[in-house]
Amino acid sequence: MEIITTHINADFDGLASMVAAKKLYPKASLVFAGSTERPLRDFLSQDIRNLYGFKKVKHVDLSSVTRLIVVDTRQANRLGPLEVCLNNPGLEIHLYDHHPDAPGDMHGAVEHVEAVGSTTAIFVALLQEQGMNLFPDEATLLSLGLHEDTGSFLYATTTPADLHAAAWLLEQGADLDIVNQFITRDLSAEQIPLLSLLLENAMTYLVHSVQITVSRLTLPAYVDDFAVLVRRMMVMENLDAVFSLVCMGERLYLICRSRIPEVNVGVIAREMGGGGHAAAASATIRDKTLFEAEEELLSCLHRHVKPRAMAGELMSSPVITATPDVTHKEANALLARYNINVLPVVRDNFERKKPTGLLGIISRRDITKAIAHRLGEMPISEYMTTDLATLPETATQADIQELIIENRQRLIPIVRETTGEENERIICGVITRTDLLNLLINDPAHLPRDLFHGDEHPSTERTRNISSLMTDTLRRDVILLLREIGEIAHGVAMHVYAVGGFARDLLLQTKNLDIDIVVEGDGILFAKELAAKKQATVRTHEKFATATVILPDGMRIDVATARLEYYAFPAAMPTVEHSSLKQDLFRRDFTINAMAIHLNPERFGLLVDFFNSQNDLKERRIRVLHNLSFVEDPTRIFRAVRFEQRLDFQISRHTEKLMRNAVRMHMYEKFSGPRFFSELKLIFSEDHPLASLRRLDAFNLFPVLWPDLRPNLKIDRRFIHILTQAEKTISWFKLLYLEGVGERAMRCKTWMVCLLAVFSRSREQELRNFCHRFELPPKHRKRLFRQKRKADHIAQHMLRRPEMEPAEIYWLLEPLANEGLLYLMSIARKNHIRQKVSHYVTHLRGVRPLLTGQDLMELGYTPGTSFRIMINYSLGAQLNGEVSRKEEAVSLIRQKYPVGSLNFFNSPSDH
């Protein structure tokens, strides 16, 4: 199937280009990606929709699309629901667009991209090349597209090609009266007061010597043709560039117009989620208030309104540097000698007398930690930061501010890229936070507040109120509970925060009711106050200053005192001291887990982010908080892999390098077995543990986890097959008991199934070695050994017996627990084995004997061990369908075991 489409909020240029494309692709269907502008809707209402057979997205089988013809855009995120087509295997994409290149542009097998005033002009040239003629109605529509996107040829983006296209369309019979009807419109009585409001709410900013007008407006409902008002304001006031932020009902829109080359509104609109060209553009802004959108717009203006280069003037040069072979102790001496806090690490090119290529940087904090962990003689290349941003000498003030303020980068290397074989980043200077502060100090009104605030109190830039997100995401009873926690803290003069995974998953809008609370004060005292208020029980842990409050409904709340952890040596258990919120968050594993939400009444819902965590969440990135993180706690390697796979994030390159360093230096040899196994158990409890195991294998951790695994220490096809079957089997089992039919599912430890699957081709001794190495509790060991032994034996037996009676299946599988049953299904080499186990789980296991001991007593039998034999004999006949009613079972037993018989066991099979 072929479809032709354009961007959401389609305009006349998009519609005209679609109709023109239909001439070139006669078999393709016309499909709008989303809504259209009002003039376009009015035009379409004149039977043109029926004339060209436009289809709605809901009437198109998107999975069957084999060719996608996209006009007037190359941005995938502007295709609305049609974006899913891009995942179709073998999809062929054809692109026609006049917008300038932008990040995220699609690429196609056919591309016609030209710097003209409208996409319509591109199609006119193609139609002329092929000698095609148009009907007058078609020529009129294409003229509408030309006039709209070129401002009737008054926009600076108009080219001779647009005028040539207009002339040809007139020759084809275009009706300019219709063009004038839809393009040139007088203001209505309702629009005049709106124009007055636009003017009243306009403010002028001077951005790099360019005057920019920004107008903010809030309207109760959507207003059609608002772009006409923005254009009229620009003409009336003779403005060079105007940006209108207008909130209509529940939606926020940005409409931009420019007539000077210094302001390319298309670039700015694209950065804010929209699109357009240099002279006219728009965007629909989501998940932001009017104030937040204005702040982002002003930031965009400072970045994209042609400023002068500044980094070359501001940087400090020459730079104090070190080579990668310098030890931490030697680097520490350099920092003390020159009184600096960060040391750039460069390639040693002194022998060739060339400039030095930048490799990374290392901070005083990381050097101090390395020395404290007795790694002072290690080279700094092991723990330097390589994942850092640099700037060229031509960088602007906005570029510098973004890195120092928004990305929290204290030092920016200024580099010059070399060409040729080496292609190095040559460091020619550095800019520090102090350098930027000195630049801005003469204009305090424009100083970013982050530069002044101390570390203990998060600034406005670091916080964001998410109370509305909490209302939309959380249950009402949970919100009330959080507010009550804040009020209790206020009553005892403490500050409380919801932290960690709860805050992370709230921002991801993922369900997570594991509430972790951090208290600035006495966490145990607060937990007791909370328990008393809620009539709950509390368990305290004095050593770690933590407590768990268990509410009457069973919900658990973990309470911790804001604390600082330090490690006496690598991989040690942490030593705990009381601390502030920031220090408490800094001790955590990754930035995405280092956010907090205020719960006290006066600041309820305020998100605290010291470490640019929101940006990592947005970029779907796993990043450590400091370079010695995996040295202090190697179990974080497992956690990083688990979060990466569960959240579909990516471990940052620098964090991955630190993980590999920790593995290479055998930090795990000093670990505590149960701590590592706890992390491994969590991985095995995930829905798709195989993906995590692949990553652990990529980090060469299999020799650490199971050095004697058979048949080898790598992931081969059979390993993948068994673990994939385990995942499917566990998923099937969970769905089977989704509605709570029986409580057997609650007793299934799915991590055991995956662990047994890993050792499926190994002897029991290898599993015993694993359990010993990781110090598994005796009850877990016993269960694992028993289930593996029995399931392996049963698998071989069932492989030899494809045909089995239901009773035989029942008695064969009855000794297995849920873990053993699912493990058996995972390792089964034939489908008939899986089918038999499935039948046992879903049907046979739930069968109850027709006869009970009481029934046998009433029949005249004497109680004893023989009761069990008779009941089981009856149950076997019942399972095989030989009896189905109680009376039939009684008759069977009387015939097989007459009352008064002294010997019930006529043969071994009876027993």
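The values are calculated or read from the model by the stated rules, or taken from the named source; none is laboratory data. As the structure is a computational prediction, the values presented were derived from the model and not from experiment. Cβ sites come from the backbone with ideal geometry, for glycine too, and all protein chains shown count toward neighbours. Side chains included, ligands, DNA and RNA excluded: accessible areas come from the protein's heavy atoms. Shrake-Rupley method; radii C 1.70, N 1.55, O 1.52, S 1.80 Å.
Among the listed pairs Lys329/Lys369; Lys618/Lys734; Lys58/Lys511, a Cα-Cα separation exceeding 20 Å is found for Lys618/Lys734; Lys58/Lys511.
Selection among Ile212, Gln878, Val319 by position relative to the dipole of the chain gives Gln878 as farthest towards the positive end (Cβ unit charges, Cα centre).
Using heavy atoms of the protein chains and a probe of 1.4 Å, the accessible area assigned to Ile488 is about 20 Å². With the convex hull of the Cα atoms taken as the outline of the chain, the averaged projected area works out to 51.4 nm². Accessible surface of the chain, 1.4 Å probe: 50 percent of it comes from carbon and sulfur atoms. Its Cα centre serving as origin, region 255-310 has a Cβ charge dipole (Lys and Arg +1, Asp and Glu -1) of approximately 300 debye.
Taking all C-alpha pairs of region 211-285, those more than 18 Å from each other amount to 33 percent. Using the rule -39500 (n - 2.57) for each DSSP H run of four or more residues, divided by the residues of the chain, the 222 nm mean residue ellipticity is -12500 deg cm²/dmol. Using a cut-off of 11 Å between beta-carbons, work out the net charge of the residues near Leu68 (Lys and Arg +1, Asp and Glu -1, Leu68 not included). Result for the local shell: -2.
These residues, Cys247, Cys256, go from largest to smallest accessible area, 1.4 Å probe, as Cys247, Cys256.
Per residue, the average separation of C-alpha pairs within less than 8 Å and at least 6 apart gives the chain a relative contact order of 5 percent.
Note on region 756-894: the alpha carbon radius of gyration divided by the globular reference 2.2 N^0.38 Å gives 1.29.
Report the FRET efficiency, 1/(1 + (r/R0)^6), for Asp472 and Lys830, where r is their Cβ-Cβ distance and R0 is 51 Å, rounded to 0.05.
Once rounded, the FRET efficiency stands at 0.55.
Inter-label distance, Lys23 to Arg694: 4.9 nm, where each label sits 7 Å from its Cα along the C-beta direction.
For Trp168, Trp811, write out the residues from largest to smallest accessible area, computed with a 1.4 angstrom probe and no ligands counted.
My answer, sorted largest first, is Trp811, Trp168.
Once C-alpha pairs closer than 8 Å and six or more residues apart are averaged by separation and normalised to the residue number of region 475-540, the relative contact order reads 27 percent. Straight-line cross-link reach from Lys56 at under 21 Å between alpha-carbon atoms covers these lysines, not counting any fewer than eight positions away in the same chain: Lys22, Lys23, Lys27. Gyration tensor over the Cα atoms of region 124-190: the corresponding equivalent ellipsoid has semi-axes (square roots of 5 times the eigenvalues, largest first) of 23, 15, 7 Å. Think of the chain as having a plus end and a minus end, set by charges on the Cβ of Lys, Arg, Asp and Glu; of Leu68, Ala165, His373, His373 sits farthest toward the positive end of this dipole.
FRET efficiency for the Glu92 to Asp708 pair, using the beta carbon distance and R₀ = 56 Å, is estimated at 0.60.
Rounded to the nearest whole Å², what accessible area per residue is found for region 758-829 with the 1.4 Å probe?
Each residue of region 758-829 exposes 48 Å² on average to a 1.4 Å probe.
As a rough guide to protection, the peptides 730-737, 75-82 ranked by mean Cβ packing within 10 Å, highest first, stand as 75-82, 730-737. Here region 389-407 is scanned for amide nitrogen atoms under 18 Å from the site 7 Å beyond the Cα of Ser299 along Cα-to-Cβ, giving 389-390, 396-407. Convex hull volume of the C-alpha atoms in region 102-257, normalised per residue: 163 Å³. Straight-line reach from Lys534: which aspartates and glutamates fall under 16 Å, measuring Cα to Cα and dropping same-chain residues less than 8 apart? Reachable aspartates and glutamates: Asp477, Glu484, Glu487, Asp553, Asp558. With one equal scatterer per alpha carbon and no solvent term, the Debye-computed log10 I(q)/I(0) for region 818-882 at 0.12, 0.27, 0.29 1/Å reads -0.45, -1.08, -1.15. FRET efficiency for the pair Asp716 and Leu799, taken as 1/(1 + (r/R0)^6) with r the Cβ-Cβ distance and R0 = 22 Å, rounds to 0.55.
For the chain, the antiparallel share of DSSP beta bridges with both residues in that region comes to about 65%. Distance between the C-alpha centers of region 826-886 and region 130-189? Whole Å please. Cα centroid of region 826-886 versus Cα centroid of region 130-189: 83 Å apart. Heavy-atom accessible area with a 1.4 Å probe sorts Glu644, Glu882, Glu484, largest first, into Glu882, Glu484, Glu644. For Met1, the accessible surface of its heavy atoms amounts to roughly 70 Å² (probe 1.4 Å, protein chains only, rounded to the nearest 10). Selection among Ile268, His302, Val235 by position relative to the dipole of region 229-303 gives Val235 as farthest towards the positive end (Cβ unit charges, Cα centre).
Under the simplified labelling scheme, the Val899-Arg664 pair shows an inter-label distance of 8.4 nm, with each label point 7 Å from Cα along Cα→Cβ.
Basic side chains Lys and Arg get +1 at the Cβ, acidic Asp and Glu get -1 at the Cβ, and with that the dipole of the chain about its Cα centre reaches some 5080 debye. Val899 exposes around 80 Å² of accessible area when a 1.4 Å probe is run over every protein chain in place. Taking label points 7 Å from Cα along the Cα-to-Cβ direction, Glu292 and Glu262 give a separation of 3.2 nm.
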